[in-house]
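See structure below.
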Amino acid sequence: MGETKQKPADFRVLFLSKKDNEYARRAEDFIRKTFTNPVIFEGSRHDKLPDEVLNWKGDLMISFISSWIYPQSLLDSASVAAINFHPGSPEYPGTGCTNFAVYEGAKEYGITCHCMNASVDSGNIIQVKRFPVKEEDILCIALHNIAII
């Protein structure tokens, strides 16, 4: 008799994202439509992860535009994978990646999906999507940063 495979929709998913971010909201909508009963937490840089997150056990942990550094014990709680969607190409790791790309005059930028390890930005890269940076993109980024200040 063959082993019954779990359907992706039935994966126990933990989704962590940046609070008040349009793209994180879109990703959260996708997660809610794709997976049954995901655990979702959004927050900002200085928010502590709640016990529900720190004690989570499941299949797939997804970090999306998040600035938390996760303990190895949480990463190990994902039986299939713990992955991060980083809003920058591998040449621009960490926070402030977009600003550094603009400062350096990057002609190309991207988003990186990678496995997470306890050591930040050290996991194997799953995929990188790259796109050209146009003059109007730089202006939009600058105006956005000014609006934040």
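The values are calculated or read from the model by the stated rules, or taken from the named source; none is laboratory data. Computed from a predicted structure; not experimentally measured. Every residue, glycine as well, gets a Cβ built from its backbone with ideal geometry; the counts of neighbours run over all protein chains shown.
Scan segment 21-49 for residues that are of a type in the set (Asp, Glu) and modelled with pLDDT under 90 and the total you get is 1.
Condition test on Lys134, is it charged (D, E, K, R), out of contact with any His (no Cβ under 9 Å at 6 or more places or on another chain), more than 15 Å from Ser17 (Cα to Cα) and at pLDDT below 85? Yes: the conditions hold for Lys134. Scanning segment 66-96 for residues that are surrounded by 17 or more Cβ atoms within 10 Å (Cβ to Cβ) and in a helix (DSSP H, G or I) yields a total of 2.
Looking across segment 1-50 at every residue that is closer than 12 Å to Ile65 by Cα and touching a Lys or Arg at 6+ places or on another chain (Cβ under 7 Å), the one that is surrounded by the most Cβ atoms within 10 Å (Cβ to Cβ) is identified as Ala24. Going by the structure shown, is Ser17 part of a strand (DSSP E or B), under 30 Å from Val133 (Cβ atoms) and in contact with an Asp or Glu (Cβ under 7 Å, 6 or more places away or on another chain)? When the stated conditions are applied, Ser17 passes them.
Restricting attention to segment 51-65, the residues that are exposed (fewer than 14 other Cβ atoms within 10 Å of the Cβ) and among the polar types (S, T, N, Q) total 1.
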